[in-house]
Amino acid sequence: MTRATAEAAAAGLTGLVVAPGPDLLYLCGYQPTASTERLTALLLTAGREPALIVPKLERPDAEKAAGAPALRLVDWTDGEDPYTAAVPLLDPAGRYGISDNAWAMHLLGLQAALPGTGFSSLTEALPMLRAVKDGDELERLAAAGGAADAAYRGILEVTFAGRRETDVAADLSALLIQYGHSQVDFTVVGSGPNGANPHHEAGERVIRPGDTVVLDFGGLKDGYGSDTTRTVHVGTDVPDEVRKVHDIVRLAQQTAFEAVRPGVSCQEIDRIARRVIIEAGYGEYFIHRTGHGIGITTHEPPYLIEGEERPLVPGMCFSIEPGVYLPGRFGVRIEDIVTVTEHGGRRFNNTPHELGIVS
């Protein structure tokens, strides 16, 4: 919270108004049991004690939060105006970053109570708040990546042909839980032509011998995310173009990884991966950014995309996941989570990049 307040000041903000969600959990360890219409917010202002405003009926839970000893807890009772309770805790002429997921009714209520106070999107004003991970966070992300790797090794042993995509997705979910995930966020199983949709939701299509299948899966382990993608083929008779496209994507992923080091811009990693695919003649089929940050949420800054000039710094963690998607035919994607070290990059996913063969 001290660091966040200082970063807010450096960005020209008076402070932060943090609603329930990932930022609140990250900053003070509090996660309300349910998202309700009752005002709950962490208020950080330079030169003032951090304060958490909560409904009185939820105060006992807030008192158990990891950051509670460093907070001034301010409660309000149903029937009272919660915005009146917030007024003394904020600068009436300040400019605050507010969580993107804050309820509109709460933002409007604060604006009505403090008409001289300005608010801006926290993601826009302070996008790198959670981007640089400390040692404990890196250990958790590495453990999550290792668990996802174990799930991938397990899924190579199951039967694909003759089963629905949803069946394989259920196997992936079970494996993620088996290897320590507390929450499964997604299990993309894109078989045959469905693999050409990067965010295909596993459906009722029956997987056939000869299909190429994109497997993209992840979730949370000990509060931190995993996200990995590998592409497999059902049977050993692999078409030449599938091998060709897979080799191109593998080269793009490896080349981009080798370029990771402090000072390189986020967009440069995207350019490097994209250049490999463009030069191979498949540029129009690489239809998404090269990567996204990851932490207590699966997608967060930094984003590896053209226009993001922010330099990489040690402790940043993100995916590198180039892909090629041929409509109506098949798709290929390879994804690892990577962190920036003092001298380069370190992968948190270490399963083989070769095209997997399944039965």
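Just one of the numbered conditions (1) under 30 Å from Gly15 (Cβ atoms); (2) modelled with pLDDT of 95 or more is not true of Tyr179: (1). Could you check, for region 242-262, whether at least one of its residues is assigned to a loop (DSSP other than H, G, I, E, B) and open to solvent by 30 Å² or more (accessible area, probe 1.4 Å)? Checking region 242-262: at least one residue is assigned to a loop (DSSP other than H, G, I, E, B) and open to solvent by 30 Å² or more (accessible area, probe 1.4 Å).
Tallying residues that are surrounded by fewer than 19 Cβ atoms within 10 Å (Cβ to Cβ) and in contact with a strand residue (DSSP E or B) (Cβ under 8 Å, 6 or more places away or on another chain) within region 198-231 yields 10. Would a scan of region 128-149 turn up a residue that is more than 25 Å from Val340 (Cβ to Cβ) and surrounded by fewer than 18 Cβ atoms within 10 Å (Cβ to Cβ)? Checking region 128-149: not a single residue is more than 25 Å from Val340 (Cβ to Cβ) and surrounded by fewer than 18 Cβ atoms within 10 Å (Cβ to Cβ).
Every test in (1) out of contact with any His (no Cβ under 6 Å at 6 or more places or on another chain); (2) under 20 Å from Val338 (Cβ atoms) is passed by Gly162 save one, and that test is (2). Can you say whether Ala65 is open to solvent by less than 20 Å² (accessible area, probe 1.4 Å) and within 21 Å of Thr2 (Cβ to Cβ), as far as the supplied structure shows? Yes. Only a single item in (1) of a type in the set (Asp, Glu); (2) under 25 Å from Ala131 (Cα atoms); (3) open to solvent by 40 Å² or more (accessible area, probe 1.4 Å) is not met by Asp75, and it is number (2). From the list Pro32, Pro50, Pro55, pick out the single residue that is free of Cβ contacts under 8 Å to residues at least 60 places away in the same chain, open to solvent by 10 Å² or more (accessible area, probe 1.4 Å) and either closer than 19 Å to Leu89 by Cα or in contact with a strand residue (DSSP E or B) (Cβ under 6 Å, 6 or more places away or on another chain) (or both). Matching residue, one of Pro32, Pro50, Pro55: Pro50.
Going by what's in this entry, would Val87 be described as within 26 Å of Ser121 (Cβ to Cβ), open to solvent by 20 Å² or more (accessible area, probe 1.4 Å) and not in a helix (DSSP H, G or I)? Judged against the criteria, Val87 is not a match.
To keep it simple, each residue is scored yes or no on (1) crowded, with 17+ Cβ neighbours inside 10 Å; (2) among the β-branched types (Val, Ile, Thr); (3) under 21 Å from the mean Cα position of the chain (by Cα); (4) more than 14 Å from Leu42 (Cα to Cα).
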{"position": "Glu80", "(1), (2), (3), (4)": "no, no, no, yes"}
{"position": "Ile98", "(1), (2), (3), (4)": "yes, yes, yes, no"}
{"position": "Leu110", "(1), (2), (3), (4)": "yes, no, no, no"}
{"position": "Ser120", "(1), (2), (3), (4)": "no, no, no, yes"}
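Applying a threshold of 8 Å to beta carbon distances and a minimum spacing of six or more residues, or different chains, the list of pairs starting in region 159-173 at a residue that is without any contact (Cβ under 8 Å) to a residue 24 or more places away in the chain and ending at one that is assigned to a helix (DSSP H, G or I) and crowded, with 21+ Cβ neighbours inside 10 Å reads Asp171/Ile155. Just give me the residues in region 159-183 being within 18 Å of the chain's Cα centre (by Cα) and either more than 18 Å from Ala148 (Cα to Cα) or open to solvent by 50 Å² or more (accessible area, probe 1.4 Å) (or both), in sequence order. Matches in region 159-183: Ser182, Gln183.
Pairs linking a residue in region 67-90 that is within 20 Å of Leu114 (Cβ to Cβ) to a residue that is open to solvent by 30 Å² or more (accessible area, probe 1.4 Å) and of a type in the set (D, E, K, R), with Cβ atoms under 7 Å and 6 or more positions apart or on different chains, are Arg72/Glu49; Asp75/Lys56; Asp75/Arg59; Trp76/Lys56. Determine, yes or no, whether Gly281 is open to solvent by 50 Å² or more (accessible area, probe 1.4 Å) and farther than 20 Å from Lys244 by Cβ. The answer is no for Gly281.
Residues in region 171-179 include none that are in contact with a Ser or Thr (Cβ under 9 Å, 6 or more places away or on another chain), closer than 24 Å to Val338 by Cα and of a type in the set (D, E, K, R).
Comparison of Pro302, Pro352, Pro322 shows that the only residue that is modelled with pLDDT of 95 or more and touching a Cys at 6+ places or on another chain (Cβ under 6 Å) is Pro302. Within region 104-127, residues that are within 23 Å of Ala6 (Cβ to Cβ) have Cβ atoms under 8 Å from residues that are among the basic types (Lys, Arg) and modelled with pLDDT of 95 or more in these pairs: Thr117/Arg95; Gly118/Arg95; Phe119/Arg95; Ser120/Arg95, counting only partners at least 6 apart in sequence or on another chain.
The values are calculated or read from the model by the stated rules, or taken from the named source; none is laboratory data. Keep in mind that this is a model prediction, so the values were computed, not measured. Here Cβ is always computed from backbone atoms with ideal geometry, including for glycine, and neighbour counts include all displayed protein chains. Areas reflect the complete protein model, heavy atoms only, side chains present, ligands, DNA and RNA absent. Shrake-Rupley method; radii C 1.70, N 1.55, O 1.52, S 1.80 Å.
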